Structures are given as C-alpha cells and as structure tokens.
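So the structure is just underneath, and the comments pick up after that.
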Protein chains: 2
Amino acid sequence: MTTAGGSDAVDVEDLTARARIRDAALRHFAEDGFERATIRAIARTAGVSPGLVRHHFGSKEALRAAVDDHVLRMVRRFNDEALASGRHGNLSFAAAARPALRPVQRYLLRALLDGSKAAAKLFDEMVEMAEPWMPQPDETTDGAPVSDRRTRAALITAMAAGVGLLHEHVSRALGVDMFSDEGDRRVAVAMLDIYSHALITTDMAASARAGLDRPGTESPR
Amino acid sequence: MTTAGGSDAVDVEDLTARARIRDAALRHFAEDGFERATIRAIARTAGVSPGLVRHHFGSKEALRAAVDDHVLRMVRRFNDEALASGRHGNLSFAAAARPALRPVQRYLLRALLDGSKAAAKLFDEMVEMAEPWMPQPDETTDGAPVSDRRTRAALITAMAAGVGLLHEHVSRALGVDMFSDEGDRRVAVAMLDIYSHALITTDMAASARAGLDRPGTESPR
DNA sequence: CGGGTCGCTATACGCGCGTATAGTCGCTTG
DNA sequence: CAAGCGACTATACGCGCGTATAGCGACCCG
C-alpha cells in the first residue's frame, strides 16, 4: 500500500458508474481532445447510457471540470509523495515515478491545448518548479545566460510538454512507440543526454543573438 | 460581393478568391485546428460564400490538402534560400528569418496535432536536419551521450515545436505575447541560452539513469 | 407498507456542421 | 449577337452533436 497521501480515499468507491464515467472521460479527452470527444462515446466506454453522464455531471463542461479536479488531486498527491521521499533534485525518483502518472500526463498535455484552466494552472506551477533548475545568469562569468530564469523555465516546460504532445511523431522517428516500456526508456535516457549537454557553443549563441538584431539581411553586404 | 475593406496589402496575384480562401483556411486551421475550423467561418474570412469553397476545393479534406501543399512549397522555398545564402550552421540567418514564416509555422504546429500527412513529413525532415547538430556519442570521452543522435534529434524537434504549440501558456508565463516583437525576441534569446547551456551535470544524468533501472529508491551519487 | 429519492435508460429537440444542387451573373468566343 | 462556361450564391438535406425530459426499477426510511 502506497497511499501516503491518505486524504479522502476514493479507492473504495471507484467502481461506481460515476467514477467509470470520469475515468472514461479522462481517457477520451486525453486521446481525442475535449471537443472531439463525445459524450456518447464516453458513455459507451464507461458502459452506461449517455443520459447518465448528464445526470451525474450536468454538462460536458462540468464533466471536464470534474476530470480536471480529479487529475489535479492525483498530481498533488504524487507531488507530495515526491517531496516526502526524494530530497531536492532527486532525479531518480522523478525518473522512476514517471510511468505511474502517464495517463494523467497525456490528459494534461491535451488539456493545455484545449483550454482547461486547471491544466494552465499546473503549467504555471511546473514553470515555477523548473525555475530553480535554470542556470543563473551570474553563475559563470563568460558566456553566462542573458535571459531571465523564468523565461527559460517556461520554455523548458513547454519543450518537455512538446515531446508528449507530439508522441505520434516522436514514436515514428524512434521506430518504437514512445509509451511502450522500451520507447519510454529510450526517451528518458535521451532526455538526460539532452539536458546534460549543450547543443551549441556560447560563441554561436552570441553570433546568433547578433543576427537577431539585423533582421532580413541574409548575406553579408 | 467582396468586402471592400480588405486591408492587408498582399501580393498582386493573390487576390483571387481561391487564394483568399486558401489563406483564410491556413489561418483558421492554424488558430482553431482542422476539426474546429468551419468552412462557413473560412468563407466569411475570405469574403465569399461557403459554397464557393466547395466549388474550388471540393471538400474540407481537399482544402486541407491544398493548404498543406501551399505550405510545403513555402517551406521548401525558404529552405532553399537558407541553404543558398547561409553557410553551414549559420544561425543568424535562421534567427533573422524566423518572423517571415511565422504564420506557416503556427499552421504546421497545429497540423502536427491534427494528423496532416504533410506536416508529419516535414517533421521527419526537420528531425533529419537536426541530427547533425546533436553532439556525437564519441565526441568527448567523459560523460558522452549514451543515446543515438536520431532519438535526440527527434526529441529536440518535438521540444522546439512544443514552445509554439503552447504559445498561450508560454506567453502567460512571460507576461508578454510570444508572437509580439518583444516576446519573440525574448524567446529567441532564451532559447539560445538554453541551447548553449547544459541543464544538469553528466553526473546527475548518470545517477538518474541508474534510477531508471531501480524504480522507487536511491539518491544521487 | 407506502412514498420519495436516486441511479439509470429511452427518446426527442434544436443546432451547426459538411455536403449537395440549382440557379444567377459576367466574361469570353466564334 | 448568342451560346457557352466558369465564378459565385442561395437554399436545402442529412447527420451527429449537446442537451432536455419523461419514465422505470431499487432501495431507504418513518
């Protein structure tokens, strides 16, 4: 039993039709997006009639809010466990726990595109969590970052999300499903490579910055 | 009748209704996605009747194919110019030319999510183009990358795409619209910072890799 | 034991969509 | 000048959607 969180344990009731609908909605929203997912299909997956969805949740938008709420609670619980077990910067816990909230992750990524407010809030929190990881502008004297850490944190967060968002294309490039065990491992290892190696030199970055100031001139005059 | 207030001064030949429809579709597909965009709205934007869209393109799917084709041609032309003018690894050209194909970029990003085959093909090409940029596994002896370059190239490509895909959230975190001049510049500079600085040490990466094999336990080093 | 609530289904309504078809206008051409 | 033809519009059809409402059996409670 790993129920460290212990706040209202919904495990007992999770066989109710209401929970099944919520889970089915989570899956459909994650897979097809909010607009494309239909109440009828969600009901079919949950094994109930479409009317029951409305009976329990009132409307499609309210159903989304319920799913958002559920996901938010799951993420918070995971986060609490992560904070409790792993110390600062314990990458191994984060790496190992990733498969656990994979379905939730896919939902959240889609929700970011579909305009879910809960997802937007979580994005902001992730940016905040990522910010301390960014190298500080004054950390080294030569070639130090010139942009503020929050901007970089937001970009890194969006970039990490992009991998999951484009899982179809990433999987095609890899030749293996990103969400399979092997694919997931390859992605994780490669991400560590990416995060631990600079792609360009600080000199190249400086010259590119210079190019930003002189737009449109593709060749030296 | 045509809306007399056609404000934007576009190219001389592109005033035909067919071109206007195609451009309107590009914008609507980019903004709302393929499914959400409606022929009626596209026609309204183009200043024509919905029937004309069908007259010229036959179906919504065929309209998408036409837009895909148009976008593909634009990207190829840009690419040719880049290859002709800029030499190997000329970042300043890429940086300076970015605003020019911004609308096309947004369309392509959405198209990646909407299942456009042209976009998928371009993604694969971008991966191929990114691959030579990846540090080689044998480049340095200590802490060298352990994953193949193609995997890393695919991930970097998806990550770069993620920034544009989540422009709404990135803009919120930045406090300024990512597609404004100021926002775009800040993003570009920050991206250069990210690309030119490693986020974690190779030691941290190694310990995280160890964590991948032994889920749930361990602390670094 | 009987009324009320709750979980659940069946059916229907209105709407906006993509698509289809018939018709109008204006320019070309022999 | 008249016939033809392509650009373009008006209108309508069918479909699937979210939503609404009525009804039905099971269970609780006084």
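Data overview
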quantity	calculated
Teacher prompt: A:Ala210 distances to equivalent labels in other copies, 7 Å Cα→Cβ, nm	4.4
Whichever lysines have a C-alpha closer than 19 Å to that of B:Lys117, once near sequence neighbours (fewer than 8 apart) are set aside	B:Lys60
Label spacing, shortest first and in nm, from A:Glu128 to its equivalents in the remaining copies (7 angstrom along Cα→Cβ)	4.5
Sorted by Cβ density within 10 Å, fewest first, the residues B:Arg77, B:Arg150, B:Arg110	B:Arg77, B:Arg150, B:Arg110
Rounded to the nearest 20 debye, dipole of segment B:23-77 from Cβ charges on Lys, Arg, Asp, Glu	120
For B:176-183, mean number of other protein chain Cβ atoms within 10 Å	1
Ascending list, in nanometres, of distances separating the B:Arg77 label from those of the other copies (7 Å, Cα toward Cβ)	5.6
Whole-Hz ³J(HN,Hα) from phi, Karplus 6.51 cos²θ - 1.76 cosθ + 1.60, for segment B:162-179, glycine and proline x	x, 4, x, 4, 9, 4, 4, 6, 4, 4, 4, 5, 7, x, 8, 4, 4, 9
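We did not get these values from a lab; they are worked out from the coordinates using the rules stated. Predicted, not measured: the structure shown is a model, and the values here were computed from it. Here the Cβ is made from the backbone with ideal geometry for all residues, glycine too, and neighbour counts use every protein chain on show.
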